[in-house]
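Novice: Structure incoming, see below.
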Amino acid sequence: MDVERMKALLEGAARLRRPARERTLFDIGARGYFENPTTDLLAFFLDPAAEHGFGNAVLSALLDSLPEPLQPAASERYLTRPPVREWVTSQQQRIDLVLESDRWVIAVEHKVYHGLHNDFAHYGDDLALRLSDQDSRQVLCVVLSPGGQAPDAPGWLGIGYPDFLRRLRSAAGSLYEQHGESKWLLFLREFVIHLENLTMTDTLTDAQEQFALEHLGEIEALTKAKNDALASLRLRLQEGLNTRLDDLGLPITSWQENWPVGPALRFAPNGWQSHSSVVIYLEPQTPKRVWVQTYIDRRNGDLAELAGKGIDCNQFDEHKVGRTSYNLYHGFPSMEWEAIEEAAASYLRAIIAMEIDWQREQMEAGPSA
């Protein structure tokens, strides 16, 4: 694949990239996701009689997410009692949320992260026995989850968050047109975005899926080109480092690590038995930015001692104290490979000077040392 075709493919993919995640009050004032408070908020907005003043707008968004033959008629979209949280079964198990009308009952199990491991058959049987009112009310059991999967139990349905939240966004827009801005509408909007961030981050859109399927061969070729480029860069840098450090008589080896945040090329003296090494990390989210990250085994002394041995943490852009090593970061805004190689060689030379004596002792003593 030639460079121009690579550029065209990347430009096409870039148009499908998700925008940056919008932060909400939940990101600022909460500590991650907790199922119970989230379900409490959902129950509040589902209650037509609650003080938010939205009527059955949120309830209808949920009911419209059911299969069409099971959706209650518009005249039946009300509750005869507030939503029940932690509905207790005859076996002292708890259902996240139960909604009751005089025409239907809906049990909702709320699964953002947890798997489908509950006793769903018992839940369904118990609800039908205790709340159906001798078959006069329809009992529906649903799992609300990111993927919309249904458990392997009779009578249970799955509702996907993408579908529910799409309807909820539409309902919020209608509420704004009817009533204007309000405290509760702001909270609802934040709640919707929070749930979208939690449940839809990794879901492909239809356009993304279609693009990937239509360009499978080219994407495979581009992936191979990326892997080949990283391997070529690693070997070229390894050769350059060995040339720069030839006077030490200690060969430098290298390998690639695939971190969750991107590819990293690690360099260390061959046979070295320590946590010291130099990593060249290419930052995927910032094109052309490269980090030379130096890891110094903490057995070499404290930060003051390192400064006396040629590694002053204050000369780096950032430094952290890890469990087994000092982590020192030197950033390059562009791919200046000559300067990057020179910096990596300088840090490796300092590591070798610090550790050469005790490293030789360990290598001579063998693995059990």
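The values are calculated or read from the model by the stated rules, or taken from the named source; none is laboratory data. Nothing here was measured: the structure is a model prediction, and the numbers come from that model. For neighbour counting, all protein chains shown are included, and Cβ atoms are generated from backbone atoms with ideal geometry for every residue, glycine included. The accessibility values were calculated without ligands, DNA or RNA, using every heavy atom of the protein model including side chains. Shrake-Rupley method; radii C 1.70, N 1.55, O 1.52, S 1.80 Å.
Novice: Points 7 angstrom from Cα along the Cβ direction at R299 and K320: gap in nanometres?
Specialist: Placing both labels 7 Å along Cα→Cβ, they lie 2.3 nm apart.
Novice: Tell me which DSSP H helices of the chain clear both cut-offs, 15 Å or more of axial length from alpha-carbon atoms and a mean Kyte-Doolittle hydropathy of at least 1.6.
Specialist: none
Novice: Accessible area of the chain with a 1.4 Å probe: how many percent of it is carbon plus sulfur?
Specialist: 51
Novice: Using packing as a proxy for protection, rank 302-313, 273-284 so that the peptide with the highest average count of other Cβ atoms within 10 Å comes first.
Specialist: Highest-to-lowest ranking by the protection proxy: 273-284, 302-313.
Novice: Checking the cross-link filter: which aspartates and glutamates have an alpha carbon closer than 20 Å to that of K224, excluding same-chain neighbours under 8 positions apart?
Specialist: Partners found: D2, E4, E11, E214, E257, E283.
Novice: Keeping every protein chain present and rolling a 1.4 Å probe, give me the accessible area per residue for the chain in Å².
Specialist: Solvent-accessible surface per residue comes out at 54 Å².
Novice: Give me a comma-separated list of calculated 3J(HN,Hα) values for region 80-95, in order, Karplus coefficients 6.51, -1.76, 1.60 applied at θ = phi - 60°, integers in Hz, x for any Gly or Pro.
Specialist: Calculated HN-Hα couplings, in order: 8, 7, x, x, 9, 8, 6, 5, 8, 7, 5, 9, 6, 8, 10, 9 Hz.
Novice: Taking Cα centroids, how far is region 37-96 from region 151-211 in Å?
Specialist: Between the Cα centre of region 37-96 and that of region 151-211, the gap is 15 Å.
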